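**Student:** The structure is given below, and queries will be raised subsequently.
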Amino acid sequence: MILAIESSCDDTAAAVIQNGKILANVVANQKIHENYGGVVPELASRAHQQHIVPVVKAALQQAGINKEELSAIAFTVGPGLMGSLLVGSSFAKSFALGLDIPLISVNHMQAHILAHFIKDEPDQKVPRFPFLCLTVSGGHTQIVLVKDHLEMKVVATTLDDAAGEAFDKAGKIMGLTYPAGPQIDTLAKKGDALRFKFALPNVADNALSFSGIKTSFLYFLKAEVQKDPNFVEKNLSDVCASIQHTIVMHLMVKLRKALGKYQVQDVAISGGVSANSALRNKVSMLGNEMSKGVFIPKLEYCTDNAAMIALTAHFKFLKKDFADQSIHPRARLSF
Ligand code: KG4
Ligand code: ZN
């Protein structure tokens, strides 16, 4: 029975897992960043401090257990915002010390991928090793070759911004609140994805890049708004559909290349941007075309949550892979 804590960015989350089965999964979002166009680190860590005790209490209550029944405490050690990570890690370390039980550190990006192994139904299918996972979040964009639960290799990564950041920045330019990704997704449903064209980045097969897309989007809108100050309002759905199409096409070009290079039976997506409906459709189509099994997480397991931290901790617990009290969170952390 493991309590897992996630606090790497702007969601304070706690989950309880027993023998690999999720008993509780609680998330407190932080509305405070809405008007800033992105997460404000100092505000995020203060909000984590306010949320962490009620969120952990709620998770224990939802699981119907008391803290003495716990076998270990898990927490996100990185990557993420240092101030945010410190709140979760300090809490987890103190709790484990107080209860005299093991501490388990979890890599947030590894956990996003292992979300595919959360079995809400007993006969739920899981990806077969090795498989490729496109991990797309607000801070990361990677294609990962997953050889085993705890053995992963990044085979392509972004040179600059992350895909989620590209959505959020495009939204900010259009005057949408943070996080803009889900709003762009909704608005794009009524728009024409091919109306406005933005150049796709020309980078190596194992690289992705979003800064050029962002800049060309900014200059395009500036020029249009100069001609017609109401351009954004008049064309919002088409603009959203077109920028979403560009971001998704870039991801798909790179995923197709990786699928051509690595021998895998299955392909998966994970991270906040895997909630995007256009990406979900395109990955399903690509998988079918290339005869791969396709794994797309439930919406609740796309964005940050502690259930994925709990499941990763479950695999680490089985290996007795425990952390020491001297462990420090890491803003940057690879596999
Ligand atoms: O994984 P996540 O919750 O947090 C990080 O680890 O970064 O990802 C958050 C990101 C944000 O950039 C948000 O705009 C994006 O995921 N996102 C979406 C959608 N839902 C969340 N982007 C596009 N379409 C969506 N439906
Ligand atoms: Zn995340």
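**Student:** Give me the 1.4 Å probe accessible area per residue for the stretch 202-274, excluding ligands and nucleic acids, in Å².
**Tutor:** Details: 3210 Å² over 73 residues.
Heavy-atom SASA per residue in the stretch 202-274 reads 44 Å².
**Student:** Treating only the Cβ atoms of Lys and Arg (+1) and Asp and Glu (-1) as charged, compute the dipole magnitude of the stretch 183-335 about its Cα centre; round to the nearest 20 debye.
**Tutor:** The calculated dipole for the stretch 183-335 is roughly 280 debye.
**Student:** Local charge sum around G293 (other residues, Cβ-Cβ under 9 Å, Lys/Arg +1, Asp/Glu -1)?
**Tutor:** +2
**Student:** Another question, if that's okay. Expressed as a whole number of Å, what is the distance separating the alpha-carbon centroids of the stretch 184-262 and the stretch 131-168?
**Tutor:** Taking the Cα centre of each part, the stretch 131-168 and the stretch 184-262 sit 19 Å apart.
**Student:** Same structure again: Given a Förster radius of 51 Å and the C-beta distance between K234 and S334 as r, what FRET efficiency does 1/(1 + (r/R0)^6) yield to the nearest 0.05?
**Tutor:** Result of the calculation: an efficiency of 0.70.
**Student:** Which of the listed residues, G139, N288, N305, is farthest toward the dipole's positive end in the chain, when Lys, Arg count +1 and Asp, Glu count -1 at the beta-carbon?
**Tutor:** Going by the Cα projections, it comes out as N288.
**Student:** What length, rounded to one decimal in nm, is gained on full extension from Q62 through to L194, with 0.36 nm per residue of separation minus their alpha-carbon distance?
**Tutor:** Details: separation 132, 0.36 × 132 = 47.52 nm, distance 4.63 nm.
Between Q62 and L194, full extension yields 42.9 nm more.
**Student:** Compute and list, largest first, the equivalent-ellipsoid semi-axes of the stretch 178-286 from the alpha carbon gyration tensor, each √(5λ) rounded to a whole angstrom.
**Tutor:** Numbers: eigenvalues 155, 52, 22 Å².
For the stretch 178-286, the semi-axes come out at 28, 16, 11 Å.
**Student:** Shifting gears a bit: How large is the helix-only mean residue ellipticity at 222 nm for the chain, computed as the sum of -39500 (n - 2.57) over DSSP H runs with n ≥ 4, divided by its residue count, in deg cm²/dmol to the nearest 500?
**Tutor:** Roughly -14000 deg cm²/dmol at 222 nm, from the helical runs in the chain.
**Student:** Which pairs, out of K169/K319; K67/K319; K31/K320, put more than 30 Å between their alpha-carbon atoms? Intermediate values should be presented prior to the final figure.
**Tutor:** Details: K169/K319 41 Å; K67/K319 23 Å; K31/K320 37 Å.
Checking Cα-Cα distances, K169/K319; K31/K320 exceed 30 Å.
**Student:** Please report the equivalent ellipsoid semi-axes of the stretch 74-155, computed as sqrt(5 x eigenvalue) of the Cα gyration tensor, largest first, in whole Å. Display every interim value, and only then the final one.
**Tutor:** On the way: eigenvalues 139, 62, 23 Å².
Over the Cα atoms of the stretch 74-155, the semi-axes work out to 26, 18, 11 Å.
**Student:** Residues of the stretch 99-188: accessible area per residue at 1.4 Å, in Å²?
**Tutor:** With the other protein chains kept in place, the stretch 99-188 gives 37 Å² per residue.
**Student:** Ok, one more. What Rg and what Dmax come out for the chain when only alpha-carbon atoms are used, in angstroms?
**Tutor:** Radius of gyration, then largest Cα-Cα span, for the chain: 20.1, 66 Å.
**Student:** Tell me, what % of the accessible area of the chain is carbon and sulfur with a 1.4 angstrom probe?
**Tutor:** Values: 7840 of 14970 Å².
Roughly 52 percent of what the probe reaches on the chain is carbon or sulfur.
**Student:** What are the aspartates and glutamates whose alpha-carbon lies under 15 Å from the alpha-carbon of K57, with same-chain residues fewer than 8 places away excluded?
**Tutor:** Answer for K57, where 15 Å is the Cα cut-off: E6, E68, E69, listed by chain and number.
**Student:** Take the Cβ-Cβ distance between Q124 and L97 as r, set R0 to 25 Å, and report the resulting FRET efficiency rounded to the nearest 0.05.
**Tutor:** 0.10
The values are calculated or read from the model by the stated rules, or taken from the named source; none is laboratory data. Predicted model only: the values in this text are computed from it and were never measured. For neighbour counting, all protein chains shown are included, and Cβ atoms are generated from backbone atoms with ideal geometry for every residue, glycine included. Just so you know, the surface numbers come from the protein's heavy atoms only, side chains and all, with ligands and any DNA or RNA stripped out. Shrake-Rupley method; radii C 1.70, N 1.55, O 1.52, S 1.80 Å.
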